[in-house]
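The values are calculated or read from the model by the stated rules, or taken from the named source; none is laboratory data. Here the structure is a predicted model, which is why all the values come from computation and not from measurement. Cβ placement follows ideal geometry from the backbone for every residue including glycine, while neighbour counts extend to all protein chains displayed.
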Amino acid sequence: MKRYELIVVGAGPSGLSAAIEAAKRGLNVIVFDENAKAGGQLFKQIHKFFGSKEHHAKIRGFNIGEMLLKEAAEEGVEVVLNATVTGLYGEKEVTVRVDDEIRHYKGDSVIIATGAAENMVTFEGWTLPGVIGAGAAQTMMNLHGIQPGKKVLMLGSGNVGLVVSFQLLQAGCEVAAIVDAAPRVGGYGVHAAKVARCGVPFYLSHTILKAHGEDCVTGVTICEVDSNFKPIEGSEKYFPVDTICLAVGLSPMSQLLKMSGCRMVDDPKRGGQVPVVGEYGETSVPGIYAAGDVSGIEEASSAMIGGSICGVCAAEYLGYCTPEEKDEALEKYTKALDSLRQGMFAPKNRGKLIEKTEEGIDISMNLLKKGFVAEDEIERFPGVVKKPGIHPVVECTQNIPCNPCRDACPKGCIKIEGNITHLPEISDDVECTGCGMCVASCSGQAIFLVNEDIGDGFASVTIPYEFTPIPEEGTVGFGLDRSGEKVCEATVMSVKSVKAFDHTNLLTMKVPKEYVMKARFFSV
């Protein structure tokens, strides 16, 4: 039986972060993961992260995964893949299946970072081929380059459903609709808005009645539900689709913690059955810690910080750092974690309807019900301004923890006062150079460069564009509004792609002046 000072189960964002932090302090660390590739969900995540610099903001998930793997290797962390941990027993004995062989290991401390599994919902026809989880769709697209289907209906409007819907569009799929039984969009408004302006309709207070087909999905019927989530007769709507994608939440994979004797609790707000943990991931069994989604569902940025915290605690538990060194490190990490747990989507606000922003501005009800901010609502937000010359328009309307737009602007055109969750504002006394860094850096693709008058009755709008093929200069198409409706003819003036934009192209289109504050997407 091999012995390690720290055994980490799970090589995802939290597990790798925990291993790196412990190894930095001198622990002999091994990480087991059942997959063929380390990094967990990060390598599926082609979108840019929210937060600030310390949270890897505006960096794409797969790039963060590469960074973590490189750092783990540099710190001497041993990562064993295709290794399924089958048991965690008394005295921290771990059994692992590798190559059809059961191996035994002993840990002086153990960090469980097994993440979470996708939830499913049942309806007539739910077992047909073509009904898949959103994570499976991401795996097919972003790891294997395979379209999950040609025409897809998404069930679930949380961040996973919204992000995967956009990635389906990027992969060339048609998204017929986003459906959710809840009465309002569950994820970030900026995620919903970038899907809506591509023409994807939202059906809130709706659910799936039936998947049609004999050998595979050929269509789906949805219906409206009442306040008790009961189907409303006569409200059925049919969509001819070949794929139904489910993004209906995650459940922590906490079985190993329960097996080890850790105290457990059923907590719906944390995702289901989770361990009872202290402030820093300590379970009821000394020396065993829970990091990431296994102790409560959150974003990957929070999981990474939570993993680092557990790594520090394991080091102090085994005497590799002093209590004072531990406190110093935890102060930094808890501050970073607290900043991510602020704003409208903070854990304390889950399930609540927030009617005003932190600044006292009425939130967009149209955004919550239809996925986009209505024309008569947009100008109430501080990032949406009209002024001469080229200038940014920031259509960020919810208090989410994110500020790369402020840091990206070399002139300081965009300011975020105080808390990281405050809405971006446009500085009156700073002249925009039109460099486009703010547009490219926005993780929610909610920033546009606008020149309200370029002569001859026309204006220009620069949008973030992450689709292929990239339209050539001079291409004539249509400007779409925030709902995805065609509002005017538009001509591509330029498409700018530089390394600093990290694969976000800046497409500038010429539109009639009267549509400069309406046109937000380009379609051929």
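Scan the range 478-516 residue by residue and report those that are in a loop (DSSP other than H, G, I, E, B), surrounded by 21 or more Cβ atoms within 10 Å (Cβ to Cβ) and of a type in the set (A, V, I, L, M, F, W, C).
Scanning the range 478-516 gives a single hit, Val516.
Would you tally the residues in the range 150-162 being buried (at least 23 other Cβ atoms within 10 Å of the Cβ) and outside any strand (DSSP E or B)?
Selection size over the range 150-162: 5.
I'm told Glu236 meets every condition in (1) of a type in the set (D, E, K, R); (2) touching a Cys at 6+ places or on another chain (Cβ under 7 Å); (3) free of Cβ contacts under 8 Å to residues at least 12 places away in the same chain except one. Can you identify the failing condition by its number?
(3)
Would you confirm whether or not the range 393-402 contains a residue that is within 30 Å of Ser205 (Cβ to Cβ) and touching a Lys or Arg at 6+ places or on another chain (Cβ under 6 Å)?
No, the range 393-402 has no match at all.
So the check is Cβ under 7 Å with 6+ separation or different chains; which pairs have a first residue in the range 244-268 that's farther than 29 Å from Thr127 by Cβ and without any contact (Cβ under 8 Å) to a residue 12 or more places away in the chain and a second one that's surrounded by 16 or more Cβ atoms within 10 Å (Cβ to Cβ) and of a type in the set (Val, Ile, Thr)?
Val265/Val274
Check whether at least one residue in the range 276-290 is of a type in the set (A, V, I, L, M, F, W, C), closer than 17 Å to Ile111 by Cα, touching a residue at least 12 places away in the same chain (Cβ under 8 Å) and in a helix (DSSP H, G or I), and report yes or no.
Looking for residues that are of a type in the set (A, V, I, L, M, F, W, C), closer than 17 Å to Ile111 by Cα, touching a residue at least 12 places away in the same chain (Cβ under 8 Å) and in a helix (DSSP H, G or I), one finds none in the range 276-290, hence no.
Go through (1) surrounded by fewer than 19 Cβ atoms within 10 Å (Cβ to Cβ); (2) touching a residue at least 24 places away in the same chain (Cβ under 8 Å); (3) assigned to a loop (DSSP other than H, G, I, E, B); (4) of a type outside the set (Lys, Arg) for Thr334 and report which single condition fails.
That leaves (3) as the condition not met.
Evaluate the range 447-454: report whether one residue or more is out of contact with any Leu (no Cβ under 7 Å at 6 or more places or on another chain), within 29 Å of Leu337 (Cα to Cα) and in contact (Cβ under 8 Å) with a residue 12 or more places away in the chain.
yes
Give the residue that is surrounded by the fewest Cβ atoms within 10 Å (Cβ to Cβ), with candidates limited to residues of the range 76-122 that are within 27 Å of the chain's Cα centre (by Cα) and polar (S, T, N, Q).
Looking at residues that are within 27 Å of the chain's Cα centre (by Cα) and polar (S, T, N, Q), I get Thr122.
Quick test for you: out of Cys310, Cys321, Cys262, pick the one residue that is more than 21 Å from Ile20 (Cα to Cα), buried (at least 18 other Cβ atoms within 10 Å of the Cβ) and either assigned by TED's automatic domain parsing to the domain that holds Glu54 or in contact with a helix residue (DSSP H, G or I) (Cβ under 7 Å, 6 or more places away or on another chain) (or both).
Cys262
Would you say Val385 is in contact (Cβ under 8 Å) with a residue 12 or more places away in the chain, buried (at least 24 other Cβ atoms within 10 Å of the Cβ), in contact with a strand residue (DSSP E or B) (Cβ under 9 Å, 6 or more places away or on another chain) and not assigned by TED's automatic domain parsing to the domain that holds Cys198?
Considered against the rule, which asks whether it is in contact (Cβ under 8 Å) with a residue 12 or more places away in the chain, buried (at least 24 other Cβ atoms within 10 Å of the Cβ), in contact with a strand residue (DSSP E or B) (Cβ under 9 Å, 6 or more places away or on another chain) and not assigned by TED's automatic domain parsing to the domain that holds Cys198, Val385 comes out as no.
With Gly343, Gly319 as the choices, which residue is within 22 Å of the chain's Cα centre (by Cα) and part of a loop (DSSP other than H, G, I, E, B)?
Selected residue: Gly343, the only one of Gly343, Gly319 that is within 22 Å of the chain's Cα centre (by Cα) and part of a loop (DSSP other than H, G, I, E, B).
Which ones in the range 4-40 are surrounded by fewer than 22 Cβ atoms within 10 Å (Cβ to Cβ) and part of a helix (DSSP H, G or I)?
Lys24
Could you grab the pairs with beta carbons closer than 8 Å, sequence gap of 6+ or different chains, first residue in the range 87-100 and among the hydroxyl-bearing types (Ser, Thr, Tyr), second one not in a strand (DSSP E or B)?
Partner pairs satisfying both residue conditions: Tyr89/Met259; Tyr89/Ser260.
Considering only the range 405-451, how many residues are assigned to a loop (DSSP other than H, G, I, E, B), of a type in the set (S, T, N, Q) and buried (at least 17 other Cβ atoms within 10 Å of the Cβ)?
Selection size over the range 405-451: 3.
Check off (1) in a helix (DSSP H, G or I); (2) within 21 Å of the chain's Cα centre (by Cα); (3) under 18 Å from Pro401 (Cβ atoms) for Lys369 and give me the number that stays unchecked.
Condition (3) is where Lys369 drops out.
Which members of the range 221-236 meet the condition of being on the phi > 0 side of the Ramachandran plot and of a type in the set (A, V, I, L, M, F, W, C)?
Within the range 221-236, just Phe229 meets the criteria.
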